[in-house]
1. Tell me, what is the FRET efficiency for L573 and R636 to the nearest 0.05, using R0 = 35 angstrom and their Cβ-Cβ distance as r?
2. Can you tell me what the convex hull of the Cα atoms of segment 127-271 projects to on average, as an area in nm²?
3. What's the tally of Lys pairs in the chain whose alpha-carbon atoms lie under 21 angstrom apart, where the two lysines are 8 or more places apart or on different chains?
4. Report, in debye and to the nearest 20, how large the dipole of the chain comes out about its Cα centre when Lys and Arg carry +1 and Asp and Glu carry -1 on their Cβ.
5. Given the protein chains as shown and a 1.4 Å probe, how many square angstrom of T650 are accessible, to the nearest 10?
6. As an exercise, use a Förster radius of 56 Å and the Cβ-Cβ distance of T82 and S346 to find the FRET efficiency, rounded to the nearest 0.05.
7. Roughly how many Å² is the accessible area per residue of the chain, as a whole number, for a 1.4 Å probe?
8. Estimate the FRET efficiency between K556 and L280 by the formula 1/(1 + (r/R0)^6), using the beta-carbon distance for r and 51 Å for R0, to the nearest 0.05.
Amino acid sequence: MRDKAPSRTSGMSRLEGSEARVTRLRLSVPGWVFLAAFVAYLGVSLLMTWPLITEMNDHLPGPSNDSLRHYWDGWWIKRALTEGHRLYHTPYLHYPTGLSLVSHNTAWFNVISWLLLEPLIGGLPAYNWSVLVSLALCGTAAFALALEVAGDVRAAFLAGLLYQTWPFRLYQLDHPNLISTMAIPVFVLFLMRTLEEGHWRHGVLTGFCLSLVGYTRWQLLVPAVILGAILFLCEMRKRIASWRQWGPPLLAGAAVVCLALAPPARLLLQQQRTDAAELLRPDEEAALVTDLLAYVTPSGSHSFLKGITQPAYARYYPDRSESRRFPAYIGVTALLLAAVSIRNTSRRRTLPWLAMALSMILLALGPILRINGQLYPGVPMPYRLVARLGLVRVMRFPDRFNLFLALPVAMLAAQGIPFVLSFARHRTRWGVPTATLLLAAALLVEYAGIPSPLVGPDDSAFYDQLAGEEGGKALLNLPLDSRLAKIYMFAQVEHEHPIVQGRVSRFPASAFDYLDSQPWIGTLGKEGALPPPRLDVSRHLATLADDGVAYVVLHKELIRGHLQHWRHYLPILPRFEDENLLVYPTSPLAGTDYVIGQELARGLGVVTATVASPCISQGQLLGVDVAWGAEQPPGRRFATRVNLLRADGTPALTQRFPVCDGWPTEAWPASALAWGQYTVEIPAALPADAYSVTVGLEDESTAAPVGESLDVGRVVVSGDRCAGSCTMGIAVNALFGTELRLL
């Protein structure tokens, strides 16, 4: 009967027959089929990355700022080629010493694509299209391999779709050097052909494709070699007798890999001998292990289920930020198709892919078993045994192996799809196209993470202004946190001036020598968010200026609550300010960047002054901060007098201090700028009253007053604890240990 389902035996015979026709089908498929597949996959890329296509000129793909750094890579390569710089050392980062890029992961496919497209369509669109093309090529490469494995164009297309839209891949569009794995399926394809046919051409192409994997990213060689080794071992049982046929071509492929990867490997070894980068960090692989439940939980950014899955991933990975909760979801459709393949296909055909899938899962689980967010360190994990070899640790984070799980799952699905289609063929006339469309829709719906996260680069008119300045003026961006340097690197693409920071995959040992040795930078607060405690402001800014660093650029959103402290510390006018940036010169000029309100000695006076509190109790301490500026070198050593004056102008209290601790005024040059921070002891016997606070200068050698005093504020001295009028502090009289008391 027409509607009768085919028996398992008849289905098996058809599948085995399709296996026998693989070679003939490979030869009979015209090139336009691959082109059509590529165009279809490109359309899928546009769909699955929506709304990227509508934001091509303004945004970059991905949930993190890593896209900004990868964009910089293309800009740097272009600049190095046009200006004659070495590709693997840039003077534009970690100024003034520069930074080695030998241990930096460059996404060469995306860089080359960007270089070709950027003159035609502009920088941001070129980068975005390079990512979209990369995704489409991943699908096309898996299509070619699945065609070899399944012998069915429809099955191959669906397998390529699964490989291309794998959730782990779509969630890491900000890592083009990780997700651009199009060379791995082609490497496996030619390895299969080499073992089957023993052609020299296939052996050389196997080595060429593996070399492309290495140039895409060094770390990708680890899973590629593991996948290839598993295929090789599974095929050995039936191929060992013909080793004289496939052995020499395979050795030729190995020789191609060695020759092709020798130049970058030599650079890396040379650097490790002279300026070693920390390629492997102790226990780093324990940071990002995969939660076992993540394999059956759709992405936390799933288009329809994120209300459920986002809290689930937060529970699985409470120790990670949301952008690092990578999905490991395999998918119901993919698992069902794999199950059909295992049940209805010979063990010889499924064994390599099953072994690959199992190995990727075991490696992705890492050294510590994690289930529903709970760690079980007592459970022995295979990763610990393999990690002793050191090779898998090069991947840094075990969950990255989930990306390569897509290949064996796609091939298992490809083997199961022909059986499903043959079953549909006997149900209805339009059964095959309907089943194909339903399977494609099921994969897309399961894996959909629309809207795809995008990164909007910061923009500022200052960068346009700086781009017009000559002389290679360098910038120190604050805060210093190297993770934020990706933002500064992207801004550099616009202003084209060196910056003191940078971000690469692995820093050489000497990368931070300048930052550590520069006295002003070395005293910055945590991650550069807080200003330094140094009082001799212009003296230490001058150490930056002497090295060619012209500006200190404060990023307001990143500095956040500490911005007011920076405005206080730098009592000068910013050279530029908008809603994003606050820019100060490292060579502030008197009369231009700051104005002396009142000159107290020849060329020396007060820029600004503050009294810490308008109210203070008897026996406590009063803080007075004075920013001093010198229009010309004072040439002599002064001291500061801080006076408390009664209402009639007579002094009630006078105390003397150095103008600036550690920097006597006789050493000040023109346009010197420094803080004096004075702590005045209020005697318990001082009558309660309102006093004017003034500052003046005296010759330190003769103690003779120089010039007039300047009124800088008023303070109320109270016999009781100040209440109501005291806004900047309260009396607590707390004792810490035996030596520190907070008044």
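The values are calculated or read from the model by the stated rules, or taken from the named source; none is laboratory data. Predicted model, so just to flag it, every value in this text is computed and none were measured. Every residue, glycine among them, receives a Cβ derived from its backbone with ideal geometry; neighbour counts consider all protein chains shown. SASA here: full protein model, heavy atoms, side chains in, ligands and nucleic acids out. Shrake-Rupley method; radii C 1.70, N 1.55, O 1.52, S 1.80 Å.
1. Efficiency for this residue pair is about 0.80.
2. On the way: hull surface 38.9 nm².
Result: 9.7 nm².
3. 6
4. 5180
5. We get 50 Å² for T650.
6. Efficiency at R0 = 56 Å is approximately 0.50.
7. With the other protein chains kept in place, the chain gives 43 Å² per residue.
8. Values: r = 38 Å, r/R0 = 0.74.
Computed FRET efficiency for K556 and L280 comes out at 0.85.
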